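Below is one structure, written out as structure tokens; the observations come after it.
The values are calculated or read from the model by the stated rules, or taken from the named source; none is laboratory data. Nothing here was measured: the structure is a model prediction, and the numbers come from that model. Because the Cβ atoms are built from the backbone with ideal geometry, glycine has one as well, and the counts that use them run over all protein chains shown.
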Amino acid sequence: MRKFNSIRNIVLLSIFSMLTACSGITVSQDYEPDYNFSALKTFAWKPNEDNEYGLKDNELVDKRIRAAIVDQLSANSYVLVGSEVPDFFVSYNLTVEQKITSSNVSGGIALGRSSYGGFGGIGLSTGSQIQTYDQGTLLIDFTEPTKNQLIWRGVSTQSVDNHSSPGESIENINETVEKMLEQFPPK
């Protein structure tokens with residue numbers, strides 16, 4: 001019985017490690033190292049000609065991303081301003097690209113228990129597996145308004161599910177934006 005439990009625990013730990021490695025949100029930042037970020041207090045959306053930031057066909061996602069950015073910045077004591085010149089402009093861009101992944105080796109693990117004791121097995125196959133998936137990249141840019149100079153950029157790349165519910169979409173966007181803006185201001 002103890003042997004079965006230790007094998008089961010090892011398998012569960014391996015599966016959990018694979019799932020957490022696959023489901024994480026990857027974020028990074030780049031910024032102007034000599035910029036005084038502590039002076040920033042107010043922000044506004046960067047004006048552009050078509051007032052769209054990489055989402056010409058999906059107003060729902062646009063509203064969700066904008067709301068998540070405003071909520072996160074407001075939670076960190078930055079103030080959204082309307083007609084006055086802000087300390088920094090905010091813009092974002094979202095792209096979705098289809099990616100292909102392949103693997104020459106696949107495997108599986110089987111565990112079970114019979115009336116005579118525990119048993120388990122591991123199987124490997126060498127057949128190629130090709131899969132396609134959608135990869136989304138979200139860029140959030142902060143620009144200094146007088147010089148129109150990019151001072152900070154947050155980047156997130158992750159697998160995208162085009163068939164998620166509105167609630168799942170909002171949750172994913174909020175989590176992504178939160179994780180990105182945890183890096184701002186740079187330390």
Take the residues in the stretch 109-166 that are of a type in the set (G, A, S) and at pLDDT 75 or above, then tell me which one is nearest to the chain's Cα centre (by Cα).
S156
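Look at the stretch 89-102 and say how many of its residues are over 20 Å from the mean Cα position of the chain (by Cα) and modelled with pLDDT of 95 or more.
1
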Can you pull out every residue in the stretch 42-78 that is farther than 19 Å from E182 by Cβ and at pLDDT 90 or above?
T42, A44, W45, K46, K63
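Assess whether P86 counts as being farther than 18 Å from L181 by Cβ and modelled with pLDDT of 95 or more.
Numbers: farther than 18 Å from L181 by Cβ: no; modelled with pLDDT of 95 or more: yes.
When the stated conditions are applied, P86 does not pass them.
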